[in-house]
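So the structure is just underneath, and the comments pick up after that.
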Amino acid sequence: MPESYATKKLAGMNLNQKLDYVAKKSITHYGCFGCHTIDGFEKAKPIGTDLTEEGSKPTIKLDFGLHHDIDHTNFAWFEAKLGNPRIFDRDKVSPTLDKLKMPNFDFNETEIEAITTAILGFNGNKVDEGIKAHNRVDEMAQNGARLVKQFNCQGCHLIDDFGGQLVDHIGAAEYAPPNLNTEGAKANPDWLLSFFNNPSIIRPNLEVRMPSFHQITDEQWNAIIKYFQHLDNEKISYRDELAINEHSIEFKGGEMLHELGACTNCHFYGTTFPKQDASTWAPNLALTKDRLNPDWVKEWLRDPQTIMPGTKMPAPFLPTEDLLTIDGAKNDWGKELVKMNGDTEAMLDGLRDYVWSIKGKTNIDKTIQDYFDENGYDFSGDDDEDEDDWGDDEDW
């Protein structure tokens, strides 16, 4: 536009017209409509570079500016750009309207690496559809993954090693929503569906409870369960009932390990309360056979910290062969464990089978709620906390 024409047009504008003109030009220049819905800009084109094949762009087409300390590779350029989007303007003399405009999203190193990897995948190299990874994932599991993101399950839970930010506000991990890594191998899918539809108390000492999502259908819940199973490469949707021989050496040995491990200190046995105070309370063992998969239970007993870092659950002490051959071993460990001669797998099988056999009421929500209604929920010693603020039954 000639300067004389621009000057004449400007002279004919009032203040509001000038403000409106500058606003529209600024919105267009900075691409505000890319993130915000703005009337009049519904059909405006994005201002950013087309990234469809950015990963295969020749390095010579990437402007490194005056930076010679950055490796001249595409991934190094992407990482620098994501870390400081306007870094390549540094020390350059450029007209204001030619300067870089991408905002700084304050990505951390993990996020920068992930986005860089994704951009490198945006390239012109064509891969046969038959060998693409996403085509090898069950469609139902893919839908489950989308639902997990849609309903922000990872806002509360750690899933596939991502999420669980709520723990930052709660403090101690043992009082936070559970880590759902291994959930596909862990939970009986039939029980998990019933839990999703009607959440009940699993860990009695939690301050937060799983809400009800009545808007989610059974079909969608099944897709989420399928996604959990996919993450753990779990192919079995149905299991026969675990066969237990209560007269076997393994079962009797497991019973002794259960006694020596003092499981009754923390766990409920139906409506029978743990021996220790409420801050240490753990899941109802009478629910084990309905809720969990037996193979997972064995691995959980082997090393709880690996599966759920921060858990208060200790691994049971399994006596080694040398301990079972010293004088008095039968009095200390029982004759069955002595006969097992330090066989770790057999001891874990026996302990799992004994826990599996525990009987009692499986839904103890009212028992727990009645206790806390009477005694309050205060593990911190803060007397100012409102002990009666329990909400309605759906919070349980």
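Numerical summary
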quantity: Qualifying residue in segment 271-283 (condition: under 20 Å from F195 (Cα atoms), touching a residue at least 60 places away in the same chain (Cβ under 8 Å), part of a helix (DSSP H, G or I) and assigned by TED's automatic domain parsing to the domain that holds M347); calculated: no
quantity: Subset tally (residues that are over 12 Å from L193 (Cβ atoms), loosely packed, with under 12 Cβ neighbours inside 10 Å and charged (D, E, K, R)) for segment 208-251; calculated: 4
quantity: Which numbered condition L231 misses (of (1) touching a helix residue (DSSP H, G or I) at 6+ places or on another chain (Cβ under 8 Å); (2) farther than 21 Å from P177 by Cβ; (3) at pLDDT below 95); calculated: (2)
quantity: Positions within segment 250-297 being within 14 Å of W356 (Cα to Cα) and among the basic types (K, R), in sequence order; calculated: K252, K289, R291
quantity: Test: residue in segment 274-281 that is out of contact with any helix residue (DSSP H, G or I) (no Cβ under 7 Å at 6 or more places or on another chain) and buried (at least 19 other Cβ atoms within 10 Å of the Cβ); calculated: yes
quantity: So T264, is it among the β-branched types (V, I, T) and within 30 Å of N331 (Cβ to Cβ); calculated: yes
quantity: Residue in segment 91-106 that is under 29 Å from K226 (Cα atoms), at pLDDT 85 or above and surrounded by 13 or more Cβ atoms within 10 Å (Cβ to Cβ) present; calculated: no
quantity: Some residue of segment 33-56 being farther than 30 Å from N123 by Cβ and part of a helix (DSSP H, G or I); calculated: no
quantity: Hey, A118 surrounded by 11 or more Cβ atoms within 10 Å (Cβ to Cβ), touching a residue at least 60 places away in the same chain (Cβ under 8 Å) and within 33 Å of the chain's Cα centre (by Cα) or not; calculated: no
quantity: Total residues in segment 298-329, condition of a type in the set (A, V, I, L, M, F, W, C), assigned to a loop (DSSP other than H, G, I, E, B) and surrounded by 15 or more Cβ atoms within 10 Å (Cβ to Cβ); calculated: 3
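The values are calculated or read from the model by the stated rules, or taken from the named source; none is laboratory data. Keep in mind the model is a prediction, meaning the values are calculated, not measured. Note that each Cβ is placed from the backbone with ideal geometry, even for glycine, and that neighbours are counted across all protein chains shown.
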